[in-house]
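The values are calculated or read from the model by the stated rules, or taken from the named source; none is laboratory data. Just so it is clear, the structure is predicted and the values come from calculations on it, not from any experiment. Backbone-built Cβ (ideal geometry, glycine too); neighbour counts: all protein chains shown.
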Amino acid sequence: MLLAVHPDNPEGRKIKKIVETLQRGGVIIYPSDTVYALGCDIKNSKAIDKICKLRGVDSKKASLSFVCRDIGQLGEYTAQMDKSLFKLIKRNTPGPFTFILHANNQLPRVFKNKKRTIGGRIPDNTITQMIIEELGHPILSMSLKSDDEITEYFTDPYDIEEDFGNRVDLVIDGGIGKSTPSTVVDCTKEEIEIIREGEKKLK
């Protein structure tokens with residue numbers, strides 16, 4: 001099902017419908033400040049397994065990411081950040097970055113990989129921010145296809161609906177998306193490392 005939501009002034013009743021879908025264990029495709037992505041409630045392991053199966057990855061081995069409302073919410077699931085790392089993330093969010101961070105014990109079990117790391121996003125997108133606010137906690141985020149499968153990301157929600165509509169519960173039409181993914185920043189080592197160049201460079 002394709003659900004059109006105003007990108008700048010999202011309709012409250014539609015946001016509630018999206019959140020109800022997530023609370024029921026549904027899988028959505030949602031817009032961000034970069035590309036469209038698969039999403040579900042991080043507290044619903046069956047929904048996470050469904051996304052992983054759809055993408056053909058093992059949930060026990062995959063490096064999973066989630067999107068948060070702000071750095072405070074991100075910090076609820078990560079190890080304590082030192083001052084310089086906190087400032088780096090604060091300076092670059094909300095924005096098109098995925099930060100790989102050490103996880104803490106608050107993270108749902110399905111996210112806990114051997115490295116005990118997690119990818120965190122704070123997107124600059126009103127629809128996504130309102131979904132997270134209404135839900136009350138982050139949502140899982142996974143790209144529609146791997147970087148190896150395609151050379152160009154889906155940008156038109158109508159094309160996404162045609163390809164994925166019968167495999168997910170809801171496709172959110174928030175306008176034409178971008179074709180460049182987020183910049184991935186590994187913050188788990190002594191030196192910050194860019195492991196994927198994306199939409200923007202770090203400030």
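Considering each of K53, K83, K87 in turn, give the residue that is more than 12 Å from the chain's Cα centre (by Cα), of a type in the set (K, R) and within 27 Å of Y158 (Cα to Cα).
Selected residue: K53, the only one of K53, K83, K87 that is more than 12 Å from the chain's Cα centre (by Cα), of a type in the set (K, R) and within 27 Å of Y158 (Cα to Cα).
Condition check ((1) at pLDDT 95 or above; (2) surrounded by 15 or more Cβ atoms within 10 Å (Cβ to Cβ); (3) closer than 12 Å to P108 by Cβ) across all residues:
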| position | (1), (2), (3) |
| --- | --- |
| C52 | no, yes, no |
| R55 | no, yes, no |
| S63 | no, no, no |
| L74 | yes, yes, no |
| Y77 | no, yes, yes |
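Check every one of the strands (runs of 3 or more DSSP E) wholly within the range 120-203 and list those with 1 or more residues that are farther than 18 Å from I48 by Cα.
The qualifying strands (runs of 3 or more DSSP E) are 170-173, 183-186, 193-196.
Would you point out which residue out of P123, P94, P138 is modelled with pLDDT of 95 or more and either touching a Lys or Arg at 6+ places or on another chain (Cβ under 6 Å) or farther than 19 Å from K200 by Cα (or both)?
P138
Within the range 15-36, count every residue that is crowded, with 17+ Cβ neighbours inside 10 Å, modelled with pLDDT of 95 or more and either farther than 25 Å from V184 by Cβ or among the aliphatic types (A, V, I, L, M) (or both).
The total comes to 9.
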